[in-house]
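Colleague: Would you mind keeping the following structure in view while I ask a few things?
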Amino acid sequence: MNSNATPFRYDDRTVRLHWLTVALVVTLWLLGQTIDEFPKGMPRVGARSLHILLGATLAFVLSYRIWWRSTSGARLPAAEKDKFQPIVSLYHLALYAVMVATVLAGLSNAWVRGDNILGLFRIPEFDPGNKDLRQTVEDLHAVLANTLFIGAALHAVFGLVHHFVMKDNVLRRMRRQR
């Protein structure tokens, strides 16, 4: 596609869901990296609660996004596809899969821990006293979150390379229409 052509654009809902997902993933990752830096007690409970509530929000947004993409969201027209499209599609599918796995591991982590949510209620603890299970689920969630963050960062880098090096208007697909 030449740089002067009018690029295909995703519909506004798809764009908003994409950027909301980006904001949630980045916020959750940063919060996950810093939770243990908060003082013990309510500051740490508040940070962990916020992380869990934002994770639940991501679960909802991701579910809605997958539903929207499969039923109503804009599809890339054949004229916009190139020889790398199968690799790109596989990469996007992998990002979705890692995001789903990260969210599920996070929800499992909150359940295994029996987390306190804002001091208002406690999630019932699964298998109390099983420290090995708790550590395993926590480690799995961390590995998946880091994998997701790295994969999303690479996704962003690829978009910037398209925009600034290849000058092919790919990045404009994820801008809201005015």
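Colleague: If amide hydrogens are placed 1.01 Å from N in the peptide plane, which non-local residues have theirs closer than 5 Å to the one on Asp115?
Modeller: Close amide H contacts, sequence-distant or interchain: Ile123.
Colleague: Reachable lysines from Lys83, Cα under 30 Å, same-chain residues fewer than 8 places away excluded?
Modeller: Straight-distance partners of Lys83: Lys167.
Colleague: Then there is this: Tell me the label-point distance for the pair Val26, Leu93, using the 7 Å Cα-to-Cβ offset, in nm and rounded to one decimal.
Modeller: Going by the 7 Å Cα→Cβ label model, 2.9 nm.
Colleague: Sticking with this structure for a sec: Excluding same-chain residues fewer than 8 positions from Lys131, which aspartates and glutamates have a Cα within less than 19 Å of its Cα?
Modeller: Result set, ordered by chain and number: Asp36, Asp115, Asp139.
Colleague: So, counting K/R as plus one and D/E as minus one, what does the shell of residues with Cβ under 15 Å around Lys131 add up to?
Modeller: Summing Lys/Arg as +1 and Asp/Glu as -1 gives -3.
Colleague: Pick from Thr27, Thr71, Thr102 the residue whose mean-square fluctuation is largest in a GNM of the chain, springs joining Cα atoms under 10 Å.
Modeller: Fluctuation is largest for Thr71.
Colleague: Hey, rough spin-label estimate for Asn130 and Phe164, points 7 angstrom out along Cα→Cβ, what's it come to in nanometres?
Modeller: 4.8 nm
Colleague: R0 = 41 Å: FRET efficiency of His18 with Arg44, Cβ-based, nearest 0.05?
Modeller: Using R0 = 41 Å, I get an efficiency of 0.85.
Colleague: Next up: If you put +1 on each Lys and Arg Cβ and -1 on each Asp and Glu Cβ, how big is the dipole of segment 12-174 around its Cα centre, in Debye rounded to 20?
Modeller: 520 debye
Colleague: Which residue fluctuates the most in the chain, going by a Gaussian network model with Cα springs under 10 Å, if the choices are Ala105, Ala23, Ala152?
Modeller: Ala23
Colleague: Another question, then. Can you give me the Rg/Rh ratio for segment 12-174, using Cα atoms for both radii and the Kirkwood formula for Rh?
Modeller: Values: Rg = 18.2 Å, Rh = 17.5 Å.
Expressed as Rg/Rh, it is 1.04.
Colleague: Taking only Cα atoms and a 10 Å spring cutoff, compute GNM fluctuations for the chain and point out the largest among Asn130, Asn109, Asn146.
Modeller: Greatest mean-square fluctuation among the candidates belongs to Asn130.
Throughout, read-outs are computed from the coordinates displayed, never taken from laboratory work. Given the structure is predicted, the values throughout are model-derived calculations rather than measurements. Because the Cβ atoms are built from the backbone with ideal geometry, glycine has one as well, and the counts that use them run over all protein chains shown.
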